[in-house]
Amino acid sequence: MRIFICNELPVVQRGLKTALEASSEISIVGASGSGVETMHTVRRLRPHVVILDAALPGRTGLELLRRLRREALEPPPRVLVYTLDDDDETAFQALEAGATGYLRKEANEQDLVNAVYAVGRGSVSLSPSVMECVLDWCFRRTNLPPGDFPDEVRELTAREREVLQLVSRGLSSEEIAEELSLGLATVRTHTYRLRQKLKLRDRAQLVSFAFRSGIVQP
């Protein structure tokens with residue numbers, strides 16, 4: 001798995017490299033403290049995962065994240081935000097912009113490695129404090145009683161609801177296929193149809209929708 005690190009602090013870059021290079025399946029293809037340089041390098045090297053600081057000088061991390069989404073690179077790099085920023089609004093903005101992982105400073109080295117693997121295989125990985133904020137945000141904005149689903153949910157098939165519930169638990173497509181005894185291609189088709197029906201971009205938005213709609217209870 002190819003990883004690129006974008007963080008303005010050299011000491012953080014070195015710490016991330018040291019933590020990740022202990023894994024034989026991870027290759028650090030580069031690091032930069034500049035959003036502009038990161039954009040150019042990602043286009044050239046096509047890493048699987050970009051570890052991004054939300055607070056970059058000049059072009060901010062959030063701006064870079066949005067730019068990466070607009071680039072439509074193939075394969076698209078997945079973004080794990082690793083930041084010292086405790087601001088909840090920054091976390092929400094990063095997830096809305098397309099990040100599928102968000103780690104705060106309470107994360108240890110093993111948390112980081114686990115998050116990189118999760119994000120790299122298409123799952124969502126959030127620090128516990130971020131997950132608490134997401135759940136609180138979702139449930140403060142819905143007055144739906146249990147079982148009273150919005151119209152979008154009623155249009156989903158029973159199997160699509162099952163897949164959505166498992167996506168919201170952080171399972172990868174491979175793990176969902178094993179859980180439901182389905183082929184991997186079938187699971188990917190269900191996930192694609194979910195995004196199309198619900199008009200959502202990625203797994204992070206699917207997770208948010210699942211909690212907000214009441215399909216998944218905290």
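Could you pull out the residue among ALA54, ALA31, ALA19 that is surrounded by 14 or more Cβ atoms within 10 Å (Cβ to Cβ), in the same structural domain as ARG104 (by TED's automatic domain parsing) and in a helix (DSSP H, G or I)? Talk me through it step by step, then tell me what you get.
Numbers: ALA54 fails: in a helix (DSSP H, G or I); ALA31 fails: in a helix (DSSP H, G or I).
Just a single option satisfies the conditions, and that option is ALA19.
Kindly establish whether LEU95 is under 24 Å from VAL167 (Cβ atoms) and touching a residue at least 40 places away in the same chain (Cβ under 8 Å). Break it down into steps so the answer makes sense when it comes.
Working: under 24 Å from VAL167 (Cβ atoms): yes; touching a residue at least 40 places away in the same chain (Cβ under 8 Å): yes.
When the stated conditions are applied, LEU95 passes them.
Could you please tell me which pairs satisfy a Cβ distance under 6 Å, a separation of 6+ or placement on different chains, a first residue in the range 68-89 that is assigned to a loop (DSSP other than H, G, I, E, B), and a second residue that is aromatic (Phe, Trp, Tyr) and surrounded by 13 or more Cβ atoms within 10 Å (Cβ to Cβ)?
Close Cβ pairs satisfying both conditions: none exist.
Of ALA107, ALA99, ALA94, which residue is closer than 22 Å to SER172 by Cβ and not in a loop (DSSP other than H, G, I, E, B)?
Step by step, each of ALA107, ALA99, ALA94 is checked, and only ALA94 is closer than 22 Å to SER172 by Cβ and not in a loop (DSSP other than H, G, I, E, B).
Looking only at the range 34-51, count how many residues are on the phi < 0 side of the Ramachandran plot and in a loop (DSSP other than H, G, I, E, B). Give the steps one after another, and end with the answer.
So in the range 34-51, the residues on the phi < 0 side of the Ramachandran plot come out as 34-45, 47-51.
Filter again for in a loop (DSSP other than H, G, I, E, B), leaving 34, 47-48.
Counting residues in the range 34-51 that are on the phi < 0 side of the Ramachandran plot and in a loop (DSSP other than H, G, I, E, B) gives 3.
For ARG78, all conditions in the list (1) closer than 17 Å to ASP202 by Cβ; (2) surrounded by fewer than 20 Cβ atoms within 10 Å (Cβ to Cβ) hold save one; what is the number of the exception?
The number of the failed condition is (2).
For residues in the range 151-173 being touching a Gly at 6+ places or on another chain (Cβ under 9 Å) and in a helix (DSSP H, G or I), which is modelled with the lowest pLDDT? I'd like the intermediate steps shown before the answer.
Step one: filter the range 151-173 for residues touching a Gly at 6+ places or on another chain (Cβ under 9 Å), giving 153, 172-173.
From what's left, in a helix (DSSP H, G or I): 153, 173.
Details: VAL153: 75, SER173: 87.
The extreme case among them is VAL153.
The values are calculated or read from the model by the stated rules, or taken from the named source; none is laboratory data. No experiment lies behind these values; they were computed from the predicted model shown. All Cβ positions, even for glycine, are placed from backbone atoms using ideal geometry, and neighbour counts span all protein chains on display.
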